[in-house]
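So the structure is just underneath, and the comments pick up after that.
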């Protein structure tokens, strides 16, 4: 914005803002974000709930554009050459738990569910120095703290597990792990929020973030793994087609 108004006012460049959830929900960012968004040429949000919030509270109408489903072809080839991530072979079922140890992740419930499923291995991603130390006091043999992974290694881990779990207490979030599950055609366990259910409407089990629901979802994923994977494959094709069509309709934003 400074560049536009002080140095490029004659060329009048357009400023497009891709607004993430934190820019709308975090108290420290709200006022600053509001000023910047109102001055932008256009704003992009990830779902209808965020669009409605900005219309009502910021008096601006953003466009809705979800993230595209990523393509991991080259990444997986590179990871294979490097050896990739080694998972434990003794587990009957492997779960990748997408985490950055953020405030909206119900990790305590994940640990409690892991204690009740000793034959299921949980791979919790993210830099464990950010983890709640109370969670790490009682080390469970079937909980693997991966630490922060190189992205190639991270994607390789997701490719090798049986199911991907990404949970949030934020009711307007579209979690990144869900997109990664779709890209890899993996069964997904995620939180029972309307935006997630609307977009990831195949190959997915929705839960209320409780310990018992996490346990139930994993046991259900064990019995329906192939069905859920096929649903996610169809979802990937549908959402990729939808995104290409939608972005072509938004081309006016870039001219």
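Based on this model, can you work out whether residue 45 counts as touching a residue at least 24 places away in the same chain (Cβ under 8 Å) and assigned by TED's automatic domain parsing to the domain that holds residue 118? Here the answer is no, as residue 45 does not meet what is asked. Number of residues in the range 64-85 that are exposed (fewer than 15 other Cβ atoms within 10 Å of the Cβ), more than 20 Å from the chain's Cα centre (by Cα) and not in a loop (DSSP other than H, G, I, E, B) equals 5.
Number of residues in the range 58-72 that are more than 15 Å from residue 241 (Cβ to Cβ) and in contact with a strand residue (DSSP E or B) (Cβ under 8 Å, 6 or more places away or on another chain): the value is 4. Considering the range 131-148, and only residues there that are assigned to a loop (DSSP other than H, G, I, E, B) and in contact with a strand residue (DSSP E or B) (Cβ under 7 Å, 6 or more places away or on another chain), the residue that is nearest to residue 91 (Cα to Cα) turns out to be 142. The condition of being more than 28 Å from residue 80 (Cα to Cα), without any contact (Cβ under 8 Å) to a residue 24 or more places away in the chain and not assigned by TED's automatic domain parsing to the domain that holds residue 26 does not hold for residue 199.
Touching a helix residue (DSSP H, G or I) at 6+ places or on another chain (Cβ under 7 Å) and either surrounded by fewer than 22 Cβ atoms within 10 Å (Cβ to Cβ) or at pLDDT 95 or above (or both): does that describe residue 230? It is false that residue 230 is touching a helix residue (DSSP H, G or I) at 6+ places or on another chain (Cβ under 7 Å) and either surrounded by fewer than 22 Cβ atoms within 10 Å (Cβ to Cβ) or at pLDDT 95 or above (or both).
The values are calculated or read from the model by the stated rules, or taken from the named source; none is laboratory data. These numbers were taken from a predicted model, which means no experiment stands behind them. Counting neighbours? That spans all protein chains shown, and the Cβs are built from the backbone with ideal geometry, glycine included.
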